[in-house]
Amino acid sequence: MFSYILRKVLYTIPVLWGVVTVVFLVINIVPGDPVAIMTGQRGDEATLAKIRADMGLDLPIGVQYLRFLEQICRGDLGTSYRNNEPVSSAIRTRLWATAKLAFGALLLGTVLGVAAGVVSAVKKYSLFDYGAMFVAIAGVSAPVFWVGLLLLLFFAYILKWVPGVGYGDGSFKYLILPMITLGVRPAALTARLSRSCMLEVLSQDYIRTAKAKGLKKHVVVMKHAMKNAMIPVVTIIGTQVSSLLSGAVLTESIFAWPGIGRLSVDSLLARDLPMIRGVVVFMAVTFLFTNLLVDISYGFLDPRIRYD
Amino acid sequence: MTENGNNNDSGVTGNLWYEAWLRFRRNRLAMLGFFMIAALLGVAVFAPRLAPYDPFKQLLWTEGIKAKLAAPSPDHWMGTDAYGRDIMSRVIHGSRLSLQIGLLATVVSLLIGVPLGAMAGYFGGWVDDLISWFINVIFAFPFMLFVLAIVAVLNNPSMIVVFTAIGLVSWVSIARVTRAQFMSLREREYVEAAKAIGLPTWTILFKHILPNTLAPVIVQATLGIGSIILTEAGLAFLGFGAQPPAPSWGLMISDGQQYLATGQWWWALFPGMAIMYTVLAFNFLGDGLRDALDVRLKR
């Protein structure tokens, strides 16, 4: 068990290094002068040269890379070009808003998706099944920002049930619409996956045995089938995190939600390269660690997986 | 014997594709997706003829102030925008942009993903370790944010940059599928035979193994088109993709969003429906192809 975890952790290190290196390459090797991009071609050559020197951009590329690696190892993600705020503290102040949104969306998506998928599988080819699966495939196909805008239109502007955009005092009512917007895609994916997994499990011999010995249908479904059908659903939570982080970029923009997604769009619009670099590294690292946790938890969920 | 084997192979392959087509035809949702895409292609090709108005023309000059933000009516089925442009004409022309980006980015991702996946799966060893490591690195980035970063850093939101950036990030799933296929096929007897008669590695890779990996790659690529179109729309929505006055669906939703609160919902509604229609069609088609070709995609 310990050696399995150690191996997984050790395997994550080269991937982490790759992530940091790719980010560095994208920001520093692309054609064009990063300082000119950031300043929007404004300023005279002397000012540009000073900024370049301040940011260490006049050093040879290899030295810049080593400096960047050393900074990252110290947990220092650099300083914003726009307002001199350290990138890590900018992320820290916005982390809670994004975490609340992402967890809410994941929870909503998983609960709704599993419920819809299981009922669809049990009532295969029923009206509910067709309806739920149509809604699910529509949910995967609709642009997240458009869904958000429609929810705003109906529930905030027409029905006035919930407040419109903004974080307000941080209370739950402000979270409802962004959470539903971001939760649509995970709900749709989970519903489709849990339906197909449930169908597969329900056709197995041990389920027939359980039915044959006269167990009630809900006991067979909830106790016997669920346990095995839910393993793949848990494993995709890891990949969901990536799509949640991508979705947060759009959702937070629509709802003026003061999280990391919005921070990334603001810094992209301002061409604040150190901030973009830091946020991308942070998101990729978050994804890697979530997947590491999911990998490690496999064995607890599925005893057939051995830690050797 | 080899000749016989080859004849047999091609006969079986022909039957496989024909049987797949029969299975596909029986799948109603798959056929629906097929016809939805055919209709969309028709709309894109004949856009100038189908669109009732010029998508760039500001009708304020000819129809007066009533052409500004006009609600849907027999004259303008999807209404007009704040510049007095006919939204239906813009939605129709927008299909060209979306399909172009969807197809071109898919081509880029195939051009990167197939060779890398093929090499990793066929050669194994350190080549596989290296390529798999690279796949895992790219997979770790949130798709949308990474594409946004590339487009923003290049500081040039032209179509070529947008589809290349999307392709540069979305090849990963294609590479994974190709790798898995090559890995299982490299042990087959016909590959051994090809090696034994001394065929060059590249011939074995691309002439003998590749045709047998097409089914899962086609399925993965079709399913990927939908998410590429969604990404392009998201880029345009945030202001990093198509620039005004291009009739881009994402851009139209972005322009229309500020009018939602004041009741002019049509500007943002119809382009969103067009995106959903397109992505839905590719998802139906991809799901149908997967069932017809009996492909089990690795997650």
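Taken over region B:130-163, the criterion of being within 17 Å of the chain's Cα centre (by Cα) and crowded, with 18+ Cβ neighbours inside 10 Å is satisfied by B:F143, B:M144, B:V147, B:V162, B:F163.
Quick check: anything in region A:174-187 surrounded by 18 or more Cβ atoms within 10 Å (Cβ to Cβ), under 25 Å from the mean Cα position of the chain (by Cα) and not in a helix (DSSP H, G or I)? Taking every residue of region A:174-187 in turn, none turns out to be surrounded by 18 or more Cβ atoms within 10 Å (Cβ to Cβ), under 25 Å from the mean Cα position of the chain (by Cα) and not in a helix (DSSP H, G or I). Inspection of region B:257-274 finds a residue satisfying the criterion of being at the interface with chain A (Cβ under 8 Å from one of its Cβ atoms), on the phi < 0 side of the Ramachandran plot, open to solvent by 40 Å² or more (accessible area, probe 1.4 Å) and among the small types (G, A, S). Contact annotation: residue pairs with Cβ atoms under 6 Å, 6 or more positions apart or on different chains, pairing a residue in region B:239-250 that is away from chain A (no Cβ under 14 Å) with a partner that is among the hydrophobic types (A, V, I, L, M, F, W, C) and surrounded by 24 or more Cβ atoms within 10 Å (Cβ to Cβ), are B:A242/B:A236; B:A242/B:L251.
Summed over region B:50-103, residues that are closer than 30 Å to B:G167 by Cα and assigned to a helix (DSSP H, G or I) total 17. In region A:148-161, the qualifying residues are those that are open to solvent by 30 Å² or more (accessible area, probe 1.4 Å) and facing another protein chain (nearest Cβ under 8 Å), and the one that is nearest to B:A274 (Cα to Cα) is A:L150. Scanning region A:256-265 for residues that are at the interface with chain B (Cβ under 10 Å from one of its Cβ atoms) and among the charged types (D, E, K, R) gives no hits. Under the condition of being of a type in the set (G, A, S), within 14 Å of another protein chain (Cβ to nearest Cβ) and open to solvent by 30 Å² or more (accessible area, probe 1.4 Å), the residues counted in region B:164-184 number 1. Restricting attention to region A:266-287 and to residues that are more than 9 Å from every other protein chain (Cβ to nearest Cβ) and over 20 Å from A:S253 (Cβ atoms), the residue that is modelled with the lowest pLDDT turns out to be A:P274. I'd like to check something: does region A:238-255 contain any residue that is in a loop (DSSP other than H, G, I, E, B) and more than 11 Å from every other protein chain (Cβ to nearest Cβ)? Yes, region A:238-255 has at least one match. Taking the stated definitions as given, is B:T201 among the hydroxyl-bearing types (S, T, Y) and either touching a Pro at 6+ places or on another chain (Cβ under 8 Å) or open to solvent by 50 Å² or more (accessible area, probe 1.4 Å) (or both)? Judged against the criteria, B:T201 is a match.
Taken as a whole, region B:279-299 holds at least one residue that is surrounded by 23 or more Cβ atoms within 10 Å (Cβ to Cβ), under 26 Å from A:I254 (Cβ atoms), in contact (Cβ under 8 Å) with a residue 24 or more places away in the chain and not aliphatic (A, V, I, L, M). Listed conditions (1) outside any helix (DSSP H, G or I); (2) touching a residue at least 40 places away in the same chain (Cβ under 8 Å); (3) more than 12 Å from chain A (Cβ to nearest Cβ) are all met by B:E187, apart from (2). The C-beta contact set for region B:156-184 (first residue of a type in the set (K, R), second residue open to solvent by 20 Å² or more (accessible area, probe 1.4 Å), distance under 7 angstrom, 6+ apart or interchain) comprises B:R176/B:K298. When the test is whether a residue is open to solvent by less than 30 Å² (accessible area, probe 1.4 Å) and out of contact with any Cys (no Cβ under 7 Å at 6 or more places or on another chain), A:A97 passes it. Only a single criterion out of (1) closer than 24 Å to B:A281 by Cβ; (2) outside any helix (DSSP H, G or I) is not satisfied by B:L251, namely (2).
The values are calculated or read from the model by the stated rules, or taken from the named source; none is laboratory data. Predicted, not measured: the structure shown is a model, and the values here were computed from it. All Cβ positions, even for glycine, are placed from backbone atoms using ideal geometry, and neighbour counts span all protein chains on display. Side chains included, ligands, DNA and RNA excluded: accessible areas come from the protein's heavy atoms. Shrake-Rupley method; radii C 1.70, N 1.55, O 1.52, S 1.80 Å.
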